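The structure under discussion appears below in the form of C-alpha cells.
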Amino acid sequence: MTETTAVIPSPETDRRLMAAAIAYARRNLGATWPNPSVGALVVRFDDPARPVVVGRGVTVAGGRGKPHAEREALRQAGDLARGATLYVTLEPCSHYGTTPPCVEAVIAAGIARVVTAQDDPDSRVAGRGHEMLRKAGILVKAGVNAQAAERGLIGHFTRMRRGRPYVTCKLAVSADDQIGRLDEGRVAITGSDARGRVHVMRAEHDAILVGIRTALADDPDLTVRLPGLEHRSPVRVIFDSRARLPLDSRLVATARDVPVWLVATEAAPRHRIEGLRGAGVESLIVPAGADGRLDPHHALATLAWKGITSILLEGGATLAGDFLARDLVDELAIFRSSTHIGDNGVAAPGLLAAIETGDSERFHEISRHHVGTDRLKIFRRRQS
C-alpha cells in the first residue's frame, strides 16, 4: 500500500495536464506498433497553484520489448515520483508481455494519484490496471479528455475491437472529379503543401497500402521524404494477389531499408514469391475471396496479427472503391484541387459525391481547411 497522500488539483488543471500528455504522445504516433503511442507526465503539486512536471514519457519507438510511456516518465522523475500524480493517456498495462506490467512500476515508485484518459480495451488489461492501482491505495481518476486522447489511440482500439487496423483512405481529387490520368503514371493533382501534409500523414501511420496496379503504373517510393522525418517511413504494403511486383521496382530496390510486405494469395507463382523474398520483400499469403481475388478482410486481419494498428490507404480508384464498398474505411481524407485533368482521366470512386455532400449515412465530416492552394476535408466513419 502507498504511504503517500495525493494532492487533488482542480478539474481544469487535470484537463490541462492531460492535454499536454496527449500532445506528447503524438510525437511517436506510427512508430510504436504493435503498441499504441501513449503519453505520460509525472507532476508534483508541492505548491498546488504551481504544478511542476518532473518526468515525461512516450512509448519508445520500435514496438515489442520497448519501454512504455509510464516507465519512461517514472525513470526521468526518479525519487520525485513519490507522492506525485501520474497523467497517462491510456490505462497502465497490468499483464506480463515482453515488458513487465507498468502498474507494478507505478506502485513501486510511490505515485499517489493516477489520472487516465482512456480504458484499455485489450482483454489482458480491460480495467484491471485501474483496479490494481486502487487496491494499492492509489487514487484513480479515469476518463479525463477521453475524446481528445482517442484520436491517437484509435488504431490500437480498432485492432483490439475489430481485429483489423484503422484504415484512413487518402485521395487527391481534381476539380473535374479525377484522381489521375490513364496510362501516364503519377500525375501531380495537388500542390507542394498538400504533398507535404501527406508525408506527415505517412509518418503517423504504421503502414501505407497500395494495390499492384498503382505499384506498376507509378513505381512509387511510398516513403517519408520530409527533412528530419525520413526515418519515420512506415511499412509499405502491396496488395498483389499474383506477386507481380517487379524485382527492379523502387519498392523492391529499397526493401532492405524500409520494409515492404507483399500480400498475395495461394495462386501467386512460387518462384515469384521466392524471388521477392530473396530481395528482402516479406510475403503474406492470405485466402482468396469467392471471386478468386485477394480478400481484403483476411488481408487486414493478417496485418493486425502482424501488429499493424493503422494504415494509410493510398491506392488508386479500384482499391479505394473496393474498401469503401466493403465498409473497410474508417476515415477519409480528400484533398481537393483546382486542377483539371480533362480527357483520359481516372474517375474518383462514385461514393465520394454522397460523402462530400453529406448524403452518406456512413460518414460525417469532422474538419475542413485549406492546405496551400488546395482544400482538405476529413470524414470519419459513424460508430456502429
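The values are calculated or read from the model by the stated rules, or taken from the named source; none is laboratory data. Keep in mind it's a predicted model, so treat the numbers as computed, not measured. All Cβ positions, glycine included, derive from the backbone under ideal geometry; neighbour counts span all protein chains shown. Just the protein is used for accessible areas: all its heavy atoms, side chains included, with ligands, DNA and RNA removed. Shrake-Rupley method; radii C 1.70, N 1.55, O 1.52, S 1.80 Å.
Miscellaneous remarks
- One residue stands out among those in region 115-137 that are of a type in the set (A, V, I, L, M) and closer than 17 Å to Asn35 by Cα: the one that is modelled with the highest pLDDT, which is Ala117.
- Applying the set (1) free of Cβ contacts under 8 Å to residues at least 40 places away in the same chain; (2) surrounded by 17 or more Cβ atoms within 10 Å (Cβ to Cβ) to Val52 leaves exactly one unmet item: (2).
- Scanning region 91-105 turns up no residue that is surrounded by 24 or more Cβ atoms within 10 Å (Cβ to Cβ), in contact (Cβ under 8 Å) with a residue 60 or more places away in the chain and either in contact with a Lys or Arg (Cβ under 6 Å, 6 or more places away or on another chain) or under 27 Å from Gln147 (Cβ atoms) (or both).
- Count - residues of region 185-221 that are part of a loop (DSSP other than H, G, I, E, B) and over 16 Å from the mean Cα position of the chain (by Cα): 10
- The residue list Arg225, Arg236 contains one member that is in contact (Cβ under 8 Å) with a residue 24 or more places away in the chain, closer than 11 Å to Ile311 by Cα and of a type in the set (Lys, Arg), which is Arg236.
- Residues within region 154-184 that are under 14 Å from His340 (Cβ atoms), part of a strand (DSSP E or B) and hydrophobic (A, V, I, L, M, F, W, C), tallied: 3
- From Leu86, Leu17, residue being surrounded by 23 or more Cβ atoms within 10 Å (Cβ to Cβ), under 20 Å from Ala148 (Cα atoms) and touching a Pro at 6+ places or on another chain (Cβ under 9 Å): Leu86
- Candidate set from region 259-301 (those that are among the small types (Gly, Ala, Ser) and within 25 Å of the chain's Cα centre (by Cα)); member that is surrounded by the most Cβ atoms within 10 Å (Cβ to Cβ): Ala264
- Of all residues in region 190-229, exactly one satisfies the criterion of being polar (S, T, N, Q) and modelled with pLDDT of 95 or more, namely Thr223.
- Look at region 287-316: where a residue is on the phi > 0 side of the Ramachandran plot and among the small types (Gly, Ala, Ser) and a partner is open to solvent by 10 Å² or more (accessible area, probe 1.4 Å) and not in a strand (DSSP E or B), sitting 6+ places away or on another chain with Cβ atoms under 6 Å, you get Gly307/Trp33; Gly307/Pro34.
- Residues of region 341-384 classified as in contact with a helix residue (DSSP H, G or I) (Cβ under 8 Å, 6 or more places away or on another chain) and at positive phi, total: 1
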